[in-house]
Amino acid sequence: MIDFAFTERDKEILDEARAQARLAARYARDFERDEDRMLPHVYPEAEGRPDPRAMLRAHVEETSGAKILNALLYLEEWRGGVPLRECRYSLGNTVLAIAGTPEQQARWNDKTIAIALTEPIGGSDPAATRTTATWDPSTQEWVIDGEKIFITYAQSCDAALVLARMIHPERRGLSTFMVEKGTLGFTVGRQYRKMGIRFEDTAGLVFSGCRLSESHHIDGDLKKTLQSFSESRPVVAAYALGVTRAVMDFAWARLAEAGVTPDYDAGPTHLTAAADRMLTLEAEWEATYVTVLRAKWVEQNEGPGKIDSSVAKAMGGALARKVTQTCLEILGAAGLSEAHLPEKAFRDARIFDIYEGTGEIQRLIIARDILGLSPKELN
Amino acid sequence: MISFALTEDQTIAQHAAAALAQAHARPAARAADEASAFPASLIERAWALGLVQTAASGDAPEQPSVLNAIVIEEVAYGDATLAAALAAPLGFVRAIAESGSPAQRRRHLHAFAGDAPRFAAIAHVESGWPHKNNQRTRARRAGSGWRLDGAKASVPLAARCETFLVTAETDAGARAFIIPAAARGLAVAQPRGSLGLRALQMADVVLEDVSVSDEDILPGNVRRILDSGRVAISALLSGLARCVYDYALPYTKQRVVHGEALARKQAVAFKLTDMHIATQAMRWMMLRAACELDAGASATRSASLARRYAAEHGLRTADEGLQLFGGHGFMCVMPLEMWYRNAQSLCVLDGSFGV
């Protein structure tokens, strides 16, 4: 039966996450001036409060499902501006779980594994990857050389899963390699100076003659591996939902002080311009919300749905831009002040239409699928 | 518990509606538009889907609004005008069945439980240009009853309606009044023709000092009627948008410009992508609002936002679909200009339909 209502357990878990997001809001600006600072695993305010993800794990059968709830937990957390408890969600771990052998999984399961895909030449086209993995038959080792940029968890990760082009007498094409911290020739750059999401650990990686045994070669089906992105895309849209919800709530509160309240019954000739624009944003927010639920529901029931995921991501990216821009315009000059959070949300939210595949890349993925065109035919 | 799974009954109803849309509604749509009338057989076929009769029987299926919205959407995929012709009496019957007193249900529902199509409509849209008062049709107390004055616009199939559910402002807010078409002082104007949904023969209903007894005022306020109307508009636009998208997509693969299929150009492919995204989001929003209606909670926010999104993106989808055909889209030999007119019309008909 089609249903959009939460279970009692859903509500309990999400309410707790929302309460914790409120507690985290006081730390929202901690990284604004000091991007080299690392996010703590947990802030003291979390002391004595249950971890919402542990609640989810313990009672998953009483919820709407782990995938849906996990995405909604991110939505709640992003209302706060920084997470009260760090929840590392790294695609490197997802890829290991999909493509690693049982031995490889046992070895790196509990590590934080950054995914290293994007290169200075670009991130949207993996086929253009220049980083190489050269097979050295004399030592039976792979030698990794290349540079990766914009890598999340670059500094705090235990290892990086690197996409590289194989140079091997019998193998060719792209594959992934586990390069652990401390490997000779693996260096991490300094934290990037970014417009927003300054609490996220982002830096470049350089691999210069890193030698790896075959046991570090995560040799799964690459196509399948890259499809794991389908899982994380709706999660980014959930980030966008959280940030934009906080900005819209802030804007509505200021508008209420000016006597403007949401009127869902009024026709277009009976709304102020501000209320009309805000209601358009509310509609876009709800539209994005249902596509995120849809993508995660499909994933829960049928495995990651490539198209549903890209629909949600494209919606989330566009929502983040439109909501923050419109709300800042409605709030006027006061909204620019660092005394309040909307200006931070404006800077943070801009990344959501870029990372994990830009809005344009999502559209390419969808367009190729609905039109039945290959990447060669539509690019 | 969040779920997008339709029940077996919902799937069966959806398939029946899809079959009607493909075999009968779509092929007849252009002729109905040109004649400003449906062939009787087509109305009978739509009626045979059973939505109105079921609503009138008092034996509500599980999630009636969801079921009705799914069927209306599917018929609208074939022809939004035909779907609207079904959603208009459905709105009336659902309002009486859900909000009416036992006496009102006994008196007004029986006629709709049979196999022959019967007509009635909610008359909500105000006649005339935008005005500072949302609701100019007024009901004032007169003895033990009410007297109504005002004018309603764009009432679907008004000339064939036996009864109207007229919304009017009272001193205690908007209420809905059940008024027979034959009531003294009620006049159905000649249809003037309209931009779209032409076969609905929409006409003004003018009320001059119409007397209504207390027994004919619907208990409670009109909120639920309006919310149901918003879901209906969302369903109509959702079906229409999906129809335009499905029609335009294959064309862009066949049409060669500058030596290459239109579909292989990003500017075109991305338009189709945005149409796909919008039709998905419209559909889920519409179903969410329908779910909330069925759950009995206030659905005003979700229904109003679903309608707002559907109006903007449904129209844009019809608009961009037409654009993809260039000059052919403008020609009446193709359905795109009709769909475009229908989409624009649906955007302004709040409260005329229901699920």
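The values are calculated or read from the model by the stated rules, or taken from the named source; none is laboratory data. As the structure is a prediction and not an experimental result, all values here were calculated from the model. Positions of Cβ are backbone-derived with ideal geometry, glycine not excepted, and every protein chain shown enters the neighbour counts.
Just name the residue that is nearest to the other protein chains (Cβ to nearest Cβ) out of those in the range B:273-282 that are touching a residue at least 12 places away in the same chain (Cβ under 8 Å) and of a type in the set (A, V, I, L, M). Give the steps one after another, and end with the answer.
So in the range B:273-282, the residues touching a residue at least 12 places away in the same chain (Cβ under 8 Å) come out as B:274-276, B:278-279, B:281-282.
Those left that are additionally of a type in the set (A, V, I, L, M): B:275, B:278, B:281-282.
Numbers: B:M275: 9, B:A278: 8, B:A281: 4, B:M282: 8 Å.
Filtering the range B:273-282 for residues that are touching a residue at least 12 places away in the same chain (Cβ under 8 Å) and of a type in the set (A, V, I, L, M), the one nearest to the other protein chains (Cβ to nearest Cβ) comes out as B:A281.
If you scan the range B:223-261, which residues turn out to be without any contact (Cβ under 8 Å) to a residue 60 or more places away in the chain and buried (at least 17 other Cβ atoms within 10 Å of the Cβ)?
If the condition is that a residue be without any contact (Cβ under 8 Å) to a residue 60 or more places away in the chain and buried (at least 17 other Cβ atoms within 10 Å of the Cβ), then B:L249, B:A261 are the ones that fit.
Considering (1) touching a Ser or Thr at 6+ places or on another chain (Cβ under 9 Å); (2) within 9 Å of chain A (Cβ to nearest Cβ); (3) surrounded by 22 or more Cβ atoms within 10 Å (Cβ to Cβ), say which one B:L324 fails and leave the rest.
So B:L324 meets the others, but not (2).
Restricting attention to the range B:1-25, and to residues there that are at the interface with another protein chain (Cβ under 7 Å from one of its Cβ atoms) and without any contact (Cβ under 8 Å) to a residue 12 or more places away in the chain, which single residue is surrounded by the fewest Cβ atoms within 10 Å (Cβ to Cβ)?
That would be B:A5.
Out of all the residues in the range B:71-92, which are among the β-branched types (V, I, T) and within 9 Å of the chain's Cα centre (by Cα)? It would help to see each step written out before you state the result.
Narrowing the range B:71-92 to residues among the β-branched types (V, I, T): B:71-72, B:75, B:81.
The answer is B:I72, B:T81.
Check the range A:89-96 and report whether any residue there is within 15 Å of the chain's Cα centre (by Cα) and surrounded by fewer than 18 Cβ atoms within 10 Å (Cβ to Cβ).
Yes.
Please verify whether the range A:202-220 includes one or more residues that are under 15 Å from A:T152 (Cβ atoms), assigned by TED's automatic domain parsing to the domain that holds A:F150 and among the β-branched types (V, I, T).
Yes - at least one qualifying residue is present in the range A:202-220.
Quick test of your reading of the structure: A:E302 fulfils all but one of (1) at pLDDT below 95; (2) under 17 Å from the mean Cα position of the chain (by Cα); (3) within 14 Å of another protein chain (Cβ to nearest Cβ). Name the failing condition by number.
For A:E302, the failing item is (2).
Would you please name the residue that is modelled with the lowest pLDDT, looking only at residues in the range B:220-266 that are farther than 30 Å from A:I365 by Cβ and within 11 Å of chain A (Cβ to nearest Cβ)?
By that ranking, first place goes to B:N221.
Identify, by number, the condition in (1) aromatic (F, W, Y); (2) surrounded by 18 or more Cβ atoms within 10 Å (Cβ to Cβ); (3) free of Cβ contacts under 8 Å to residues at least 12 places away in the same chain that B:W146 doesn't meet.
Exception for B:W146: condition (3).
Farther than 30 Å from A:P375 by Cα and either more than 8 Å from every other protein chain (Cβ to nearest Cβ) or in contact with a Cys (Cβ under 7 Å, 6 or more places away or on another chain) (or both), is that true of B:M285?
no
Which members of the range A:5-34 meet the condition of being touching a Phe, Trp or Tyr at 6+ places or on another chain (Cβ under 8 Å), of a type outside the set (A, V, I, L, M) and surrounded by fewer than 19 Cβ atoms within 10 Å (Cβ to Cβ)?
A:Y27, A:D30
Within the range B:90-134, can you find the residues that are in a helix (DSSP H, G or I) and within 21 Å of B:V206 (Cβ to Cβ)?
B:G91, B:F92 - these are the residues of the range B:90-134 that are in a helix (DSSP H, G or I) and within 21 Å of B:V206 (Cβ to Cβ).
Could you tell me how many of the residues in the range A:337-379 are within 14 Å of another protein chain (Cβ to nearest Cβ), of a type outside the set (V, I, T) and within 22 Å of A:A127 (Cβ to Cβ)?
18
Name, by its number, the condition in (1) in contact (Cβ under 8 Å) with a residue 60 or more places away in the chain; (2) more than 26 Å from A:Y153 (Cα to Cα); (3) buried (at least 22 other Cβ atoms within 10 Å of the Cβ); (4) in contact with a Gly (Cβ under 6 Å, 6 or more places away or on another chain) that does not hold for A:F352.
Among (1) in contact (Cβ under 8 Å) with a residue 60 or more places away in the chain; (2) more than 26 Å from A:Y153 (Cα to Cα); (3) buried (at least 22 other Cβ atoms within 10 Å of the Cβ); (4) in contact with a Gly (Cβ under 6 Å, 6 or more places away or on another chain), A:F352 violates only (2).
Give the number of residues within the range B:295-304 that are in contact (Cβ under 8 Å) with a residue 60 or more places away in the chain and assigned to a helix (DSSP H, G or I).
Of the residues in that region, 3 qualify.
Looking at A:A274, A:A266, A:A240 in this structure, which one is more than 30 Å from A:G92 (Cβ to Cβ), more than 12 Å from chain B (Cβ to nearest Cβ) and among the aliphatic types (A, V, I, L, M)?
On the way: A:A266 fails: more than 12 Å from chain B (Cβ to nearest Cβ); A:A240 fails: more than 30 Å from A:G92 (Cβ to Cβ).
One residue alone meets the criteria, A:A274.
Quick one: which strands (runs of 3 or more DSSP E) lie wholly within the range A:97-181 and hold at least 2 residues that are crowded, with 17+ Cβ neighbours inside 10 Å and of a type in the set (S, T, Y)?
Per the criteria, A:174-180.
Just one of (1) at pLDDT 95 or above; (2) assigned to a loop (DSSP other than H, G, I, E, B); (3) surrounded by fewer than 16 Cβ atoms within 10 Å (Cβ to Cβ) trips up B:A60, so point out which.
(1)
Could you give me the residue pairs with C-beta distances under 9 Å whose first residue belongs to the range A:263-288 and is on the phi > 0 side of the Ramachandran plot and of a type outside the set (A, V, I, L, M), whose second residue is crowded, with 16+ Cβ neighbours inside 10 Å and not in a helix (DSSP H, G or I) wherever it lies, and which are 6+ apart or on separate chains?
Going by the 9 Å Cβ cut-off, there are no qualifying pairs.
In the range A:35-54, is there at least one residue being of a type in the set (D, E), assigned to a loop (DSSP other than H, G, I, E, B) and under 27 Å from A:R193 (Cα atoms)? Step through it out loud before you land on a result.
Here is the first cut: in the range A:35-54, the ones of a type in the set (D, E) are A:35-36, A:45, A:47, A:51.
Subsequent filtering for residues that are assigned to a loop (DSSP other than H, G, I, E, B) retains A:35-36, A:47, A:51.
From what is left, the residues that are under 27 Å from A:R193 (Cα atoms) are A:35-36.
Yes, some residue in the range A:35-54 is of a type in the set (D, E), assigned to a loop (DSSP other than H, G, I, E, B) and under 27 Å from A:R193 (Cα atoms).
Pairs under 8 Å by beta carbon, first residue surrounded by fewer than 17 Cβ atoms within 10 Å (Cβ to Cβ) in the range A:50-79, partner part of a loop (DSSP other than H, G, I, E, B) and modelled with pLDDT of 95 or more, six or more apart or different chains?
Between residues of the range A:50-79 that are surrounded by fewer than 17 Cβ atoms within 10 Å (Cβ to Cβ) and residues that are part of a loop (DSSP other than H, G, I, E, B) and modelled with pLDDT of 95 or more, the close pairs are A:E62/A:T7.
Can B:A88 be described as crowded, with 24+ Cβ neighbours inside 10 Å and either without any contact (Cβ under 8 Å) to a residue 60 or more places away in the chain or aliphatic (A, V, I, L, M) (or both)?
yes
Among the residues of the range B:305-331, what is the count of those that are aromatic (F, W, Y) and either in a helix (DSSP H, G or I) or under 14 Å from B:A281 (Cβ atoms) (or both)?
The total comes to 2.
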